[in-house]
Structure formats: structure tokens, C-alpha cells
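Encoded as C-alpha cells, the structure appears first; notes follow it.
Coordinate-derived values only; no laboratory data. Everything numeric in this text was worked out from a predicted model, so none of it was measured. Cβ placement follows ideal geometry from the backbone for every residue including glycine, while neighbour counts extend to all protein chains displayed.
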Amino acid sequence: MKKVLLVSMTHNVTDLVKVAEPGLKGRTVTYIPTAAIGEGIEGMAEEETRMLEELGLTVDELEVSTASRETVRETLMKNDMIFVGGGNTFFLLQELKRSGADKIISQEVKKGKFYIGESAGAIAACPDIGYSAEMDVPEKAPVLTDYTGMGLVDFYVVPHLGHPEMGPGAEGIIEKYTSELDLKVINDHQAILIEGDKVRILPE
């Protein structure tokens, strides 16, 4: 059964991660920090690795913008879970597509591998990421011409509602796209859990 958790800021919702997937201890996770690199966020990979380890996970970091296609395939397939962190969504999707990671992730999630997407990693799971230009900078992905996302979900997540910096972008998306897209909006203390065809916003 497909299981996907989409969040704004994982460190705020680690209790919800445990609710979504109780048996974390001793499992392995592929951690993709690529979006943060695209945004130039320093120290985020170290912080998120520590957070994942505190959940009991063994972290296998995969930087898809520099890894070989063979390494991308092997790493994504061998580990128990996938965590894609936040940053620039357009740079993230550019590198997921370039490396072939997007297709492998989609295949693995269809097989039942648990996927956690944070901010950019949540938006990249949607059918298309074009709407997130209200919140993000497309120019950081100069060779990305196709904004088709991984399609792990059939709706469009809007993270960071109420955030002092990113909140206005979230509100811009809501104002512009409510009538044409199926938006699911979350703040920095909520998560969207998808189990099979069931979608829930946590905490309920």
C-alpha cells in the first residue's frame, strides 16, 4: 500500500512521523538534501541527518545533483524509506529528473516504500510544481523546462501557511489557484498522510 507523508518542517512534526510510521527504529532512509543545496542553505543536511537519527533511522545521504545514475538507483532501491528535504523546488525537480531519481522514487513508492517529503520535497511529489513559483524561484533551475512532478499524489500541497517568510507565498498560491487546482494547505506544525487512497491532515 502506498504511504506518503508531506510536511512543511519535519523537525516540528517528528511526533506525527512516528504516528504515520511507528516502526522507524533500525530502518534505513535515503535522505536527499538537494533542494537545500539549490537554495544555498548551509547546515541543513547536518541538522536533518541528526533529526532522522534521533528517530532511530540509519541515514544514507544521496545528493542527486552529483551522484552517478547507478548510485542513485542502488541507494533508492536498497533503503527502507525515502526522505526528500526542503529548499528550492525547481532545482530539486531539475536534478531528480536529470539523475533519473524521479522515476525510481515513483516506482518505489508504488511498491509501498514510505516517502516523506518536506516543503520542496512535498511539492515535488505533486502532479506539477509550476504553481509553487509564487513561493519559490524557478530561475535556480535553468535547464528545467518540464514542471511535471513525480505524481505521488493527485493534489497540490501548499506548505508553510502562516510562516513569516514563506507564508505570503502560500497565500499567493491559495489566492491564484484555489479555483483551478485541488490544493491541500498545511502550516509548519501539520502533515498530510496518504495511505492508499485515504488522505488525512494531521493532527486531526
What are the ³J(HN,Hα) couplings of the stretch 34-48, residue after residue, when phi is run through the Karplus curve with 6.51, -1.76, 1.60 and θ = phi - 60°? Round to Hz, x for glycine and proline. 4, 4, 5, 5, x, 8, x, 8, 8, x, 5, 4, 5, 5, 6
In terms of the charge dipole of the stretch 3-202, which places +1 on Lys and Arg and -1 on Asp and Glu at the beta carbon, the residue among GLY43, PRO127, PHE114 farthest towards the positive end is PHE114
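Taking 0.36 nm per residue of separation and subtracting the Cα-Cα distance, what length does fully extending THR148 through TYR177 add? Please report the intermediate quantities before stating the final value.
On the way: separation 29, 0.36 × 29 = 10.44 nm, distance 1.66 nm.
Extending this stretch completely gives an extra 8.8 nm.
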Tell me the net charge near ALA191. Cut-off is 15 Å between Cβ atoms, ALA191 excluded, with +1 for each Lys or Arg and -1 for each Asp or Glu. -1
Given R₀ = 25 Å, what would the calculated FRET efficiency be for ASP128 paired with GLN107, taking r from the Cβ atoms and rounding to 0.05? 0.80
Neighbouring Cβ atoms within 10 Å as the yardstick, rank ASP146, ASP128 fewest first. ASP146, ASP128
Return, ordered by residue number, the residues of the stretch 21-40 whose backbone nitrogen is under 13 Å from a label point located 7 Å along Cα→Cβ of ASP60. 27-32
